[in-house]
Amino acid sequence: MASQDWVDKDFYKILGVTKDASDADIKKAYRKLARKYHPDTNPGDAASEKTFKDVSEAYSVLSDKEDREQYDAIRAMGGGARFSAGGAGGQGGPAGFEDVFGDLFGGGRGGGRRATPGFGGAGGSGLPPEFADLFGNGGFGGYQPTPTKGADRTASTSISFGGSINGTKIGLREPNGEVIDVRIPAGIKDGQKVRVKGKGQGGAAGPGDLMVTVSVKGHDFFTRDGNNIRIHVPVTFPEAALGADIDVPTLTGESVRLRVPAGTPSGRTLRVKGQGVKTSKSTGDLLVTIDVTVPQKLTKEAEEAVKAFAEATTDGNPRAGLQAKARL
């Protein structure tokens, strides 16, 4: 460390001890701070990493008797002055400082200070050997980066409407010929993803996963709306007018009986509970929209019957009030 750093840094303050603190007090303070700020305790925290480095440097100096004496002398004589490394005889600094700073630049006690136990120091743990028991069995284990899984891979597939309702299994072929089996759960929606564990890229903590985006093909009759299923069912005019019990198909291939109330208009939607999409969490309903059909051809008898019906319902004008609604 350069002399200027020693002047600028208050190692006692960094460790939270007084200038007359004993070796035991200094060791105790360092032990507490090292545990709190070590990078393994605060992964990815740059501020904690910096504090840990400062704490380690402070302990390195204050725990060594000669380093501490030199540090105290420098702080006492240097004050806020700025120093530069001078030549022989201490040129470039006040008289006497070349002896104090000698160890800092390779002179003095055997050519240089010992390495500090700062972050990334000997052993890689950032802790002096005497503190190896801080976290048990050798401290932080050499402060090795936490192993991570490999990256996930992505793929896409298309399945039938029936496959999305009942669940299915598909095979995805790798470039090397390997086939990966993908189980598609019942009730999956268009655009949802299925995770296949362990089929991603390799990593130190194991391979990542394969994320498969599922596209669901449409159906000619059934339309999905969340977990509900919508269908359109035609009924005759007499059925809609008088009411009727009709059979409607469901996802299972079987039919259910549905009551069409008398006077049901075209476009009304009736609900059949529990006949929608079944998932592990819920079951939807079957939503039946009624389409009243109009016959394209009438027999003589049917035409007479319609005319009779029209005469009997002359008071029921469906367009009454439209003119008032159409005003701007």
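So here's what we get for this one:
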item: Within the stretch 244-272, tally of residues that are β-branched (Val, Ile, Thr) and loosely packed, with under 14 Cβ neighbours inside 10 Å; result: 2
item: Residues being free of Cβ contacts under 8 Å to residues at least 40 places away in the same chain and surrounded by 11 or more Cβ atoms within 10 Å (Cβ to Cβ) - total across the stretch 184-217; result: 10
item: Selection from the stretch 221-243 of residues that are surrounded by 14 or more Cβ atoms within 10 Å (Cβ to Cβ), among the hydrophobic types (A, V, I, L, M, F, W, C) and free of Cβ contacts under 8 Å to residues at least 60 places away in the same chain; result: Ile229, Ile231, Val233, Val235, Phe237, Ala240, Ala241
item: Residue in the stretch 292-303 that is surrounded by 10 or more Cβ atoms within 10 Å (Cβ to Cβ), under 30 Å from Pro185 (Cα atoms), in contact (Cβ under 8 Å) with a residue 24 or more places away in the chain and assigned by TED's automatic domain parsing to the domain that holds Val233 present; result: no
item: Lone qualifier among Ile188, Ile180 - being in contact with a Gly (Cβ under 8 Å, 6 or more places away or on another chain), assigned by TED's automatic domain parsing to the domain that holds Gly162 and assigned to a strand (DSSP E or B); result: Ile180
item: Entirely in the stretch 223-328, the strands (runs of 3 or more DSSP E) that have 1 or more residues that are of a type in the set (Lys, Arg) and in contact with an Asp or Glu (Cβ under 9 Å, 6 or more places away or on another chain); result: 223-225, 255-260, 269-272
item: Number of the condition not met by Ile246 [criteria: (1) in contact (Cβ under 8 Å) with a residue 24 or more places away in the chain; (2) over 26 Å from Gly167 (Cα atoms); (3) among the aliphatic types (A, V, I, L, M)]; result: (1)
item: Contacts under 9 angstrom Cβ, first residue in the stretch 37-52 being in contact (Cβ under 8 Å) with a residue 24 or more places away in the chain, partner among the acidic types (Asp, Glu), 6 or more apart; result: His38/Glu49; Pro39/Asp45; Pro39/Glu49
item: Residue in the stretch 192-211 that is of a type in the set (A, V, I, L, M, F, W, C), under 25 Å from Gly274 (Cα atoms) and under 27 Å from the mean Cα position of the chain (by Cα) present; result: no
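The values are calculated or read from the model by the stated rules, or taken from the named source; none is laboratory data. Because the structure is predicted, anything quoted here is derived from the model rather than measured. Cβ coordinates were reconstructed from backbone atoms using ideal geometry, including for glycine residues, and neighbour counts include every protein chain displayed.
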